[in-house]
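Some notes on the structure that comes next.
Computed from the coordinates by the stated procedures, all read-outs in this text should not be read as laboratory data. Keep in mind it's a predicted model, so treat the numbers as computed, not measured. Glycine gets a Cβ as well: all are built from the backbone with ideal geometry, and neighbour counts include every protein chain shown.
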Amino acid sequence: MSDLISKDKQHVWHPFTQHQTSGDPLGIVRAEGSLLFDADNKSYLDANSSWWVNTHGHGHPHIGKAISDQFKALDHVVFAGVTHPKAVELAERLCKRLPDAFEKVFFSDNGSTAIEVALKMSFQFWHNQGTPKRRVLAMSGAYHGDTFGAMSVGQRDYFNRPFESFFFDADYLDFPTETNHQAILDHAEKLFNTGEFAAFIVEPLIQGASGMRMYEAAFLDRLVSLAKRYDVLVIFDEVMTGFGRTGQLFAMDHCAQKPDIIAFSKGLTAGVLPMGLTVTSTKMFETFLDDSMARGFLHGHSFTGNPMACAAACASLDLFDRPETWKQIEAISEWSTAFASTLKEIDRVIDVQVLGTIVRFEISDLEERTYFATEIRAKAYAFFLANGILIRPLGNVLFVNPPYCFTQAEYAKVSGAIIDFLKTI
Ligand SMILES: Cc1ncc(COP(=O)(O)O)c(C=O)c1O
């Protein structure tokens, strides 16, 4: 065992890990483009973009220069009562990319905090108007993060059972399938009709952690219209779907109906530094204005608006302004679609879906068809590592969502390895 691994085992407690059974972590010492390298210089293709965050590839010189320049100019500063150029630039440039109503940007630190802010804003929006509302509608299978508010509106299962008694109440719609749209709309309408719902929160078009499950934009439009008809605030969790994943800059760009609040993180900074943003309208912002401090949004974190994270996000927007980035996203979308067609022909492969740069499928005939199908997950993870590919399956779900710098040869290596793996089971 290397020194790195033995010291890690002595002192480090890893996320989403059962340390009794997890085995040794993979030691990664450097990265470049699509590749991660261990201490022996063995490379691994980063086929899931390092927990779905990396957009333009590792060590991108334009992002690196922006962070380094920013460090020299201003590394960090309190963000209450203080502002700085990169935060303002980011807020302005992001709002320009969003529909007109989105004019106000609240900074936080990660996806969970961006969601927490969205939920708190929604509750306080109603509170400030003297009509408090306590209930939130979500979708079954949702994952919005691991802070208490985010957990309260996520799928309730063994990930969060010890905390469940502390959660606030949420109601859940079934996940949309080909046959249940009207039943979901009827259910939502019945709930909205109570007048008790502060917000409806949803991962637009793709539920990430529950298995990259996809559903149609047209149906989301119907749900959003319904919520608006009943004056329920709509929150889009674009933490995973934002910044090119779905083939558009935002999943929302596939939809005709727009939300009231959007949460961003992950790809926001090109996946290089932690940051969350919650974006909303001037109309929402104005309900917090008053002579009384108590009516303001009294929320914040020490690293709110970190200048280097803002610089990385602005540099990432520069790259999204370049046509070659979109050519790459289009190319990956085409390879994904072609790979999906191949997968559909393979026995034991079911529920193949593709949207933009993400392709996903499930392996059938397993004892358990869920995230908790740990045996197949472990087997797949080890198989891909041995083949120089880092993929973290979600139970029996395998998916590819690479950084946009992936080459066709790299994509072919990953898709070929997946097909080889399927032959082994
Ligand atoms: C859709 C979605 N929302 C929120 C989160 C939470 O983000 P973070 O892990 O940065 O707290 C995630 C993380 O995977 C996510 O996929």
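Taking first residues from segment 1-27 that are over 17 Å from residue 381 (Cβ atoms) and partners that are exposed (fewer than 12 other Cβ atoms within 10 Å of the Cβ), no Cβ contact under 6 Å between residues at least 6 apart in sequence or on separate chains turns up.
Yes or no, residue by residue, for (1) of a type in the set (D, E, K, R); (2) within 25 Å of residue 310 (Cβ to Cβ):
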{"position": "71", "(1), (2)": "no, yes"}
{"position": "76", "(1), (2)": "no, yes"}
{"position": "86", "(1), (2)": "yes, yes"}
{"position": "110", "(1), (2)": "no, yes"}
{"position": "128", "(1), (2)": "no, no"}
{"position": "146", "(1), (2)": "yes, yes"}
{"position": "167", "(1), (2)": "no, no"}
{"position": "173", "(1), (2)": "no, no"}
{"position": "178", "(1), (2)": "yes, no"}
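For segment 206-217, a tally of residues being away from the ligand (no atom under 16 Å from the Cβ) and outside any helix (DSSP H, G or I) returns 1. Restricted to segment 115-205, the set of strands (runs of 3 or more DSSP E) holding at least 2 residues that are out of contact with any Asp or Glu (no Cβ under 8 Å at 6 or more places or on another chain) comprises 170-173, 197-202.
Does residue 55 fit the bill of being within 27 Å of residue 415 (Cβ to Cβ), touching a residue at least 60 places away in the same chain (Cβ under 8 Å) and within 16 Å of the ligand (Cβ to nearest atom)? Lay out the reasoning, then the answer.
On the way: within 27 Å of residue 415 (Cβ to Cβ): yes; touching a residue at least 60 places away in the same chain (Cβ under 8 Å): yes; within 16 Å of the ligand (Cβ to nearest atom): yes.
Judged against the criteria, residue 55 is a match.
Out of all the residues in segment 126-143, which are within 21 Å of residue 203 (Cβ to Cβ) and either in contact (Cβ under 8 Å) with a residue 60 or more places away in the chain or among the basic types (Lys, Arg) (or both)?
135, 136, 137, 138, 139, 141, 142, 143
Against the definition (within 16 Å of the ligand (Cβ to nearest atom) and aromatic (Phe, Trp, Tyr)), how does residue 192 come out, yes or no? Here the answer is no, as residue 192 does not meet what is asked.
Which residue out of 80, 87, 31 is within 25 Å of the chain's Cα centre (by Cα), touching a residue at least 60 places away in the same chain (Cβ under 8 Å) and away from the ligand (no atom under 16 Å from the Cβ)?
On the way: 80 fails: within 25 Å of the chain's Cα centre (by Cα); 31 fails: touching a residue at least 60 places away in the same chain (Cβ under 8 Å).
Testing whether each residue is within 25 Å of the chain's Cα centre (by Cα), touching a residue at least 60 places away in the same chain (Cβ under 8 Å) and away from the ligand (no atom under 16 Å from the Cβ) leaves just 87.
Considering only residues in segment 142-169 that are acidic (Asp, Glu) and exposed (fewer than 15 other Cβ atoms within 10 Å of the Cβ), the one that is farthest from the ligand (Cβ to nearest atom) turns out to be 169.
Yes/no per residue for (1) within 26 Å of residue 184 (Cβ to Cβ); (2) within 16 Å of the ligand (Cβ to nearest atom):
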position: 107; (1), (2): no, yes
position: 123; (1), (2): yes, no
position: 130; (1), (2): no, no
position: 136; (1), (2): yes, yes
position: 140; (1), (2): yes, yes
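Looking for whichever is under 30 Å from residue 109 (Cα atoms) and surrounded by 15 or more Cβ atoms within 10 Å (Cβ to Cβ) here; the options are 356, 388. Which one fits? Show your work before the answer.
Details: 388 fails: under 30 Å from residue 109 (Cα atoms).
From the options 356, 388, the qualifying one is 356.
Residues that are among the aliphatic types (A, V, I, L, M) and under 21 Å from residue 174 (Cβ atoms) within segment 115-161 comprise 136, 137, 138, 139, 142, 150, 151, 153, listed in sequence order.
Please report, ordered by residue number, the strands (runs of 3 or more DSSP E) entirely within segment 1-109 with at least 2 residues that are out of contact with any Cys (no Cβ under 9 Å at 6 or more places or on another chain), surrounded by 16 or more Cβ atoms within 10 Å (Cβ to Cβ) and not β-branched (Val, Ile, Thr). Break it down into steps so the answer makes sense when it comes.
On the way: elements: 30-32, 35-37, 43-46, 102-108.
Once the strands (runs of 3 or more DSSP E) in segment 1-109 are filtered for at least 2 residues that are out of contact with any Cys (no Cβ under 9 Å at 6 or more places or on another chain), surrounded by 16 or more Cβ atoms within 10 Å (Cβ to Cβ) and not β-branched (Val, Ile, Thr), what remains is 35-37, 43-46, 102-108.
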